[in-house]
1. What length, rounded to one decimal in nm, is gained on full extension from residue 87 through to residue 63, with 0.36 nm per residue of separation minus their alpha-carbon distance?
2. Which FRET efficiency value, to the nearest 0.05, do you get for residue 194 and residue 141 by plugging their Cβ-Cβ distance into 1/(1 + (r/R0)^6) with R0 = 45 Å?
3. Expressed as an acute angle from 0 to 90° and rounded to the nearest 10, what is the orientation of the C-alpha long axis of helix 22-36 relative to the principal long axis of the chain?
4. Within the stretch 80-96, what residues put their amide N at less than 17 Å from the label point 7 Å along the Cα-to-Cβ vector of residue 223?
5. Grab the Cα-Cα distance for residue 124 and residue 213, subtract it from 0.36 nm times how many residues apart they are, and report the gain in nm with one decimal.
6. Specify the residue with the greatest mean-square fluctuation among 183, 120, 193, computed from a Gaussian network of the chain linking alpha-carbon atoms under 10 Å apart.
7. Pick from 207, 106, 151: which residue has the top mean-square fluctuation in a GNM of the chain where Cα pairs under 10 Å get a spring?
8. On average over all directions, what projected area in square nanometres does the stretch 22-76 have, based on the convex hull of its Cα atoms?
């Protein structure tokens, strides 16, 4: 198997008007994604932002997929890892909240987590900490299921939050404005009597903020996994 990007050495430094390194390439790509989403990232665009020719980047990585892997790993590196002696639920909780915070700081990160685990050093350290927290007195299989379940909850919740935020940005309507705009339609639909439970939920629920919803949902997931 060919060496992965994490194992390949960088080309020797060159005295040029636009010096490059893998770290600079990744940092620039992350900045482009922070301002314009993943669609703003390509090897050509990153090279242009660095003032270099696109072909020079191929000495540091082979494909855009490798660049995305490097970007995701850079964000994993921003997520604090719990101390080894942290109580297991507290560790899982901290990792979940840390992942959410990182995704809110870099919204594109939510689109890169999930599926196959990351193989970069920071992603592996995050997975190692997650499994170490989950394993406790359970077996490896149980720990894998626990980590996978918590990860699925975090990824789904964060994507939903960010989708809501993007919609508000695209339409200019925050949640309150959206509710005012859609309210008359929902009132008419509820009046048909076909959605009694939904109507009760809309009228009676407190509708807490996103932080509370995420934290409460996470606690229910953790409680279910450890029961």
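Values quoted throughout were computed directly from the atomic coordinates according to the rules given, and no laboratory measurement underlies them. These numbers come from a predicted model, not from an experiment. Note: ideal-geometry Cβ built from the backbone for every residue, glycine included; neighbour counts use all protein chains shown.
1. Details: separation 24, 0.36 × 24 = 8.64 nm, distance 4.05 nm.
Contour length minus the Cα-Cα distance gives 4.6 nm.
2. FRET efficiency, residue 194 to residue 141: 0.55.
3. Approximately 30 degrees, to the nearest 10.
4. Within reach of a label on residue 223: 89-90, 93.
5. On the way: separation 89, 0.36 × 89 = 32.04 nm, distance 2.83 nm.
Stretched out fully, the residue 124 to residue 213 stretch lengthens by 29.2 nm.
6. Top of the fluctuation ranking is 193.
7. Comparing 207, 106, 151 in the GNM, the peak value goes to 207.
8. Details: hull surface 12.8 nm².
Over every viewing direction, the Cα hull of the stretch 22-76 projects on average to 3.2 nm².
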